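*Asks:* Handing you this structure, nothing more for now.
The values are calculated or read from the model by the stated rules, or taken from the named source; none is laboratory data. All values reported here derive from a predicted model rather than from experimental measurement. For neighbour counting, all protein chains shown are included, and Cβ atoms are generated from backbone atoms with ideal geometry for every residue, glycine included. Just so you know, the surface numbers come from the protein's heavy atoms only, side chains and all, with ligands and any DNA or RNA stripped out. Shrake-Rupley method; radii C 1.70, N 1.55, O 1.52, S 1.80 Å.
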There are 2 protein chains.
Amino acid sequence: MSTLRAALCSVGDELLAGKHPDLNAPYLARELQALGVEVVEVAVVGDDEQAIAAAVTRLASRAELVFVTGGLGPTLDDVTRHGVARAAGVALMLDPKAHDQVTAWYRTSGREMPASNSRQALVPEGAAVLANPVGTAPGFEVSLEGGAVVRVLPGPPSELRAMWEQGVGGRVRASLGQGTVRVEQRFHLQGLSESQFSDDAGAWLERAANPLVGVTVARGLLTARLVARGATEAEARGVLEPLATQFRVRFQPWIFSEQHATPEEALVEALAARGLWVSAAESCTGGLVAGALTAVPGSSAVLRESFVTYANDAKESRLGVGRELLEAAGAVSEEVARSMARGAARAAGADLALATSGVAGPGGGTPEKPVGLVCFGVWFQGQSWAGSRTWPGRAGRAAVRDWATAHALVLGLRALEGRLPLEPER
Amino acid sequence: MSTLRAALCSVGDELLAGKHPDLNAPYLARELQALGVEVVEVAVVGDDEQAIAAAVTRLASRAELVFVTGGLGPTLDDVTRHGVARAAGVALMLDPKAHDQVTAWYRTSGREMPASNSRQALVPEGAAVLANPVGTAPGFEVSLEGGAVVRVLPGPPSELRAMWEQGVGGRVRASLGQGTVRVEQRFHLQGLSESQFSDDAGAWLERAANPLVGVTVARGLLTARLVARGATEAEARGVLEPLATQFRVRFQPWIFSEQHATPEEALVEALAARGLWVSAAESCTGGLVAGALTAVPGSSAVLRESFVTYANDAKESRLGVGRELLEAAGAVSEEVARSMARGAARAAGADLALATSGVAGPGGGTPEKPVGLVCFGVWFQGQSWAGSRTWPGRAGRAAVRDWATAHALVLGLRALEGRLPLEPER
C-alpha cells in the first residue's frame, strides 16, 4: 500500500481576500485520501510568481506529489505557469498540443479565440500537457529535481473535477503502483452526528486501514466511503465486502441510501419507480421539504402540489385540521402533524404526504415545547404515523429547519420501504 | 494608512482530510482587508507540533501579523499551543488567568470541568491571554524574536468570530496606529454578477483606495463594503459619505438593502413594519420563496400560508388560473405568473403575492422557452405586474432556482417601495 504524501497549493488573490472559501483543496484532499495518499499541507498564495515558486519549492520538499490549482486563466495576472516553471528551473514554451486544445475549445464553442488566450498554451519545458475536457486552460505535469511530481490544474471547481475524474485521478492512481486495484462503496446516513459516527465506527476509521473508511458531512447528512485496495479487483472486493456487510448491520437505522447522496433524490426516485405522488404540509420547515423535492430533476412526475400552512387558520381551512385538536394539543403536536399529513394527501390527491410542525426558534420555546422540538406526520396510502424529535435549539433556526427537512424526507422513504410502523386510519 | 501584512495558519487534521472547507481564513482575510491589512499567505497544516512550528516561523518571516486558528481543544491531539511555543522558543506554562477562564466557563454552564481541560490554560511563556466569551479555550498573543505578533484563536467559527468581534479585532485595529478611526457602510445588491460589478465599480476597487471597497458574493447576492479611515470619526465620515452617495446613484437598480444581507430579511421587515401579509405561488422555485421568507425569525407575523403549484391542475384548482390561459400561453408565461400571484393573494388573504413559473432545467427547454427562463408575477393590493428573466441555464438547476427565488423577493420589495410599475387589475 502506498505511503506517498501530497501537498496542495491553491492560487488566487480572491482566496487571500477571503472572497470565497477554497473548495479545491478539500476536494483533492478527499480524493487523495481515498487513494491512500496523505495530505500533509495546504498553501494558499496570491497571483504572484515568486510566492507561487516559493510555495511549490517548499511543498515539493515535504511531499512526493504536489497539486497546484488556479491562476491558469488567459489574463496577465494569471502567473501560475510562470511560478511553477521558476520552481522547476526551466523556461516556459508554447506547447503545440496545448495550443491545439485551446484553439479546439474555441472552435467547438463557435467563438473566436482572443489573442491573449494563446498564453494558456504556455507550459514549462519538459512538462506533459493534461487535457481539460470542459474549459480552455489545459493543465500540465512536471517533475522537479528532487523527484516530486507537480500537477497543475485549473481553478474553476467544475473544470478541476472534470479533469480529475476524466484523467488526472486515474493517472495518479496508476502512478501509485502497478496492479493496485481500488473499489469503493458509499453509504449515505441521516440522523446521527459525526462524533456519534466516529464513536460507533471506532477502529474502522484508522488511517492505515484497508478498507479505508472516510466520512464527510453536509447539511447534517453523512456520507461514509469505504475504499478497499488489492492486487486484483477480486482481491479488493474480497476486502471490501465483509466490512460493507458489517457496516450495513451496524448503521442500518441511519442509512437512507447507498446510491443517492440526499434523501430527496432517493425519495423522488423511489416514488417515480412506484408511480406514486407526494405532497407536504409544512409549518416550521416553511417550504423547504417541497423545495428539496423539487430540487431533483424530474420531480414533476411525483409532486403536483404542496402546502405551506404557517398559521393555524391555514392548517384548518386548507388541510382540515380540527380547531378543537389545534386548541387542545397545540399546533406543535404529533396529532396535529398527523392530521396535516392526512389533509395534504387528500387535498393534493397524493399517495404519500409529509408534515412538519415545530419550534424552529430562536423564540417561541416553552419548557414543554422547547426550541428544537419538531413533530412529524406521515400519511401513506390510507395509513398514518406521527412522531417527534428534539434537536439542540442553540444550533440555530436554520440548522433545526434543515435537520427537520432531511428527517421528514427520510420518514417518507421509510414509509415506502415498509420500515415505518404505520397505523390504519380510523 | 497601514501597509502591514498578515499571514494565516489554519490548523486541523480534518482540514487536511478535506472534511470541510476552511472558513476561518476567509473570515479573517475579509476582516483584515477591511482594516487595510494585506493577507499574503494562508497555510493549512495538521495537528502536528512540528508542522505548526515550521509554518508559524515561516509565516512570521513573511508578515508582521500572524493568525493561527484551531487545535486549542482539550484533547491530546490539540497541539497548537505546543507548536507556537516552539516557534517562539519558549516553554508552555499554566496561566492562572487562562485557568480561571476555563474553570469559570464550566462553572457558569453548570458542568464539572474534566481534568483534561486544564490543558487549555497552557500558554507560551510571556504570552498575553485573549478572552473567549463563548467557549472554553482562551486564545493568546505572543511576539516572536523577529518582531512578528502571533495571535492564536480557537477553531470553531462561532468562537473565532465572537473573539474577533468582542476584542481581538479592536486590539488589531488599535495596533495599526493610534488615532486611526474606521467607519463603514454596506450595500446589498441583487441582479448583477461580480464581474459586472467590478467593471462598473472600476477604480473604486483599487487596493490602496480610501474608502476601500470590498465585495463578497453568496447565493448570487453581492455585499459591497465601503470602509473609510481617518484621523477622527468626522474625517473618516467625510471620506466615506461622498463615495457612498455616488455608490447609491451608480448601483441604485441593484441595491435591495443597506441594512439586510438577504432580500427575505428586508422583505419580512418591510412587511412587518407596514402590517402586511405575503403569500407565494411557486412553480419552478417549488417552495424556496416560502422557505426563504420563513427562514426569518418572526415571519409568522407576515406569512400565513403559501402554495407550491407544480402541476397545471394545481395552478387551476388552487389558484384559479384559467385552463384556456394555461393552454394558450403555456404554464411558463408572464400572464400565467400574474394569474398565479392573483390567485395566491386571494386564497391566502394576502396583501402581496409573488409567483414564479420557469424552466429550471436541465430538461424541458425549447427554443422559445429555454432552460433558465423564469416568469414572475407580483400582486400587490389590487394591482399586478408580470415580467421575466433568462439566466444562463448551463449554471444548473439549483443556481437558476436560487436566482429566481432572490429575484422574486426583490420584486416584492420593489412593489412595497413603489418602484415596480404595477397595473390596476381589470
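*Asks:* Determine which single condition residue B:395 fails, assuming it passes every other condition in (1) among the aliphatic types (A, V, I, L, M); (2) crowded, with 23+ Cβ neighbours inside 10 Å; (3) under 28 Å from residue A:302 (Cα atoms).
*Replies:* (2)
*Asks:* So residue A:33 clears everything in (1) at pLDDT 90 or above; (2) in contact with a Gly (Cβ under 7 Å, 6 or more places away or on another chain) except one condition, right? Which one?
*Replies:* (1)
*Asks:* I'd like the full set of residues that are hydrophobic (A, V, I, L, M, F, W, C) and open to solvent by 70 Å² or more (accessible area, probe 1.4 Å), limited to segment A:255-276.
*Replies:* The one that is hydrophobic (A, V, I, L, M, F, W, C) and open to solvent by 70 Å² or more (accessible area, probe 1.4 Å): A:273.
*Asks:* Right, here's the next one. Go through (1) under 19 Å from residue A:260 (Cβ atoms); (2) out of contact with any helix residue (DSSP H, G or I) (no Cβ under 9 Å at 6 or more places or on another chain); (3) open to solvent by less than 40 Å² (accessible area, probe 1.4 Å) for residue A:186 and report which single condition fails.
*Replies:* (3)
*Asks:* Shifting gears a bit: Looking only at residues in segment B:293-304 that are of a type outside the set (Ser, Thr, Tyr) and open to solvent by 10 Å² or more (accessible area, probe 1.4 Å), which one is nearest to the other protein chains (Cβ to nearest Cβ)? Reasoning before the result, please.
*Replies:* The first filter runs over segment B:293-304 and keeps only residues of a type outside the set (Ser, Thr, Tyr), leaving B:293, B:295-298, B:301-304.
Then drop every residue that is not open to solvent by 10 Å² or more (accessible area, probe 1.4 Å), which leaves B:295-298, B:301, B:304.
Numbers: B:295: 6, B:296: 9, B:297: 6, B:298: 8, B:301: 10, B:304: 4 Å.
So, considering only residues that are of a type outside the set (Ser, Thr, Tyr) and open to solvent by 10 Å² or more (accessible area, probe 1.4 Å), the one nearest to the other protein chains (Cβ to nearest Cβ) is B:304.
*Asks:* Name the residue that is nearest to the chain's Cα centre (by Cα), counting only residues in segment B:389-414 that are among the small types (Gly, Ala, Ser) and under 16 Å from residue B:289 (Cα atoms).
*Replies:* Here the answer is B:406.
*Asks:* Which ranges mark the helices (runs of 4 or more DSSP H) fully within segment B:221-298 that have 2 or more residues being more than 20 Å from the chain's Cα centre (by Cα), of a type in the set (A, V, I, L, M) and at pLDDT below 95?
*Replies:* Ranges flagged: B:233-250.
*Asks:* Sticking with this structure for a sec: Identify all residues within segment B:313-330 that are touching a strand residue (DSSP E or B) at 6+ places or on another chain (Cβ under 7 Å) and within 16 Å of residue A:303 (Cα to Cα); write none if there are none. Write out each step before concluding.
*Replies:* So the first thing to find is which residues in segment B:313-330 are touching a strand residue (DSSP E or B) at 6+ places or on another chain (Cβ under 7 Å), and the list is B:314-315, B:318-319.
Those that are touching a strand residue (DSSP E or B) at 6+ places or on another chain (Cβ under 7 Å) and within 16 Å of residue A:303 (Cα to Cα): B:314, B:315, B:318.
*Asks:* So in segment B:131-161, with the set limited to residues that are among the charged types (D, E, K, R) and assigned to a strand (DSSP E or B), which one is surrounded by the most Cβ atoms within 10 Å (Cβ to Cβ)? Before you say what the answer is, go through the steps one by one.
*Replies:* Let us first name the residues in segment B:131-161 that are among the charged types (D, E, K, R), namely B:141, B:145, B:151, B:159, B:161.
Narrowing further to those that are assigned to a strand (DSSP E or B): B:141, B:151.
On the way: B:141: 19, B:151: 24.
So the residue we want is B:151.
*Asks:* Can you pull out the residues in segment A:273-292 that are charged (D, E, K, R) and either in contact with a strand residue (DSSP E or B) (Cβ under 6 Å, 6 or more places away or on another chain) or within 7 Å of chain B (Cβ to nearest Cβ) (or both)? Outline the logic, then answer.
*Replies:* As a first pass, look at segment A:273-292 and keep what is charged (D, E, K, R): A:274, A:282.
Scanning segment A:273-292 gives a single hit, A:282.
*Asks:* Here is a further query. Quick check on segment A:385-403. Is at least one of its residues in a loop (DSSP other than H, G, I, E, B) and either away from chain B (no Cβ under 14 Å) or within 29 Å of residue B:344 (Cα to Cα) (or both)?
*Replies:* So in segment A:385-403, the residues in a loop (DSSP other than H, G, I, E, B) come out as A:391-392, A:396.
Still in the list and also either away from chain B (no Cβ under 14 Å) or within 29 Å of residue B:344 (Cα to Cα) (or both): A:391.
Among the residues of segment A:385-403, at least one is in a loop (DSSP other than H, G, I, E, B) and either away from chain B (no Cβ under 14 Å) or within 29 Å of residue B:344 (Cα to Cα) (or both), which makes the answer yes.
*Asks:* Same structure again: For residues that are within 14 Å of chain B (Cβ to nearest Cβ) and assigned to a strand (DSSP E or B), scanning just segment A:356-382, find the one that is surrounded by the most Cβ atoms within 10 Å (Cβ to Cβ).
*Replies:* A:357
*Asks:* Here's a follow-up. Keeping to segment A:305-325, report how many residues are farther than 30 Å from residue A:221 by Cα and facing another protein chain (nearest Cβ under 7 Å).
*Replies:* Total meeting the criteria: 3.
*Asks:* Would you be able to say whether some residue in segment B:101-122 is in a helix (DSSP H, G or I), aromatic (Phe, Trp, Tyr), over 15 Å from residue B:57 (Cα atoms) and in the same structural domain as residue B:24 (by TED's automatic domain parsing)?
*Replies:* Step one: of segment B:101-122, the residues in a helix (DSSP H, G or I) are B:101-108, B:115-121.
Checking which are aromatic (Phe, Trp, Tyr) leaves us with B:105-106.
Still in the running and over 15 Å from residue B:57 (Cα atoms): B:105-106.
Next, only the ones that are in the same structural domain as residue B:24 (by TED's automatic domain parsing) stay: B:105-106.
Yes, there is a match, as at least one residue in segment B:101-122 is in a helix (DSSP H, G or I), aromatic (Phe, Trp, Tyr), over 15 Å from residue B:57 (Cα atoms) and in the same structural domain as residue B:24 (by TED's automatic domain parsing).
*Asks:* Kindly establish whether residue B:186 is part of a helix (DSSP H, G or I) and more than 19 Å from residue B:65 (Cβ to Cβ).
*Replies:* no
*Asks:* Under 8 Å between Cβ atoms, which residue pairs at least 6 apart in sequence (or on different chains) link something in segment A:357-376 that is in the same structural domain as residue A:405 (by TED's automatic domain parsing) and basic (Lys, Arg) with a partner that is at pLDDT 95 or above and in a loop (DSSP other than H, G, I, E, B)?
*Replies:* Short answer, once both residue conditions are applied: A:369/A:330; A:369/A:332; A:369/A:359.
*Asks:* Considering segment B:219-245 alone, what residues qualify as being of a type in the set (A, V, I, L, M, F, W, C), exposed (fewer than 12 other Cβ atoms within 10 Å of the Cβ) and under 29 Å from residue B:406 (Cβ atoms)?
*Replies:* At the first step, the residues of segment B:219-245 found to be of a type in the set (A, V, I, L, M, F, W, C) are B:221-222, B:224, B:226-228, B:231, B:234, B:236, B:239-240, B:243-244.
If we keep only those that are exposed (fewer than 12 other Cβ atoms within 10 Å of the Cβ) as well, we get B:234.
Correct list: empty.
*Asks:* May I pose another question? Take the residues of segment A:199-211 that are open to solvent by 20 Å² or more (accessible area, probe 1.4 Å) and not in a loop (DSSP other than H, G, I, E, B): which is nearest to residue A:252 (Cα to Cα)?
*Replies:* It comes out as A:200.
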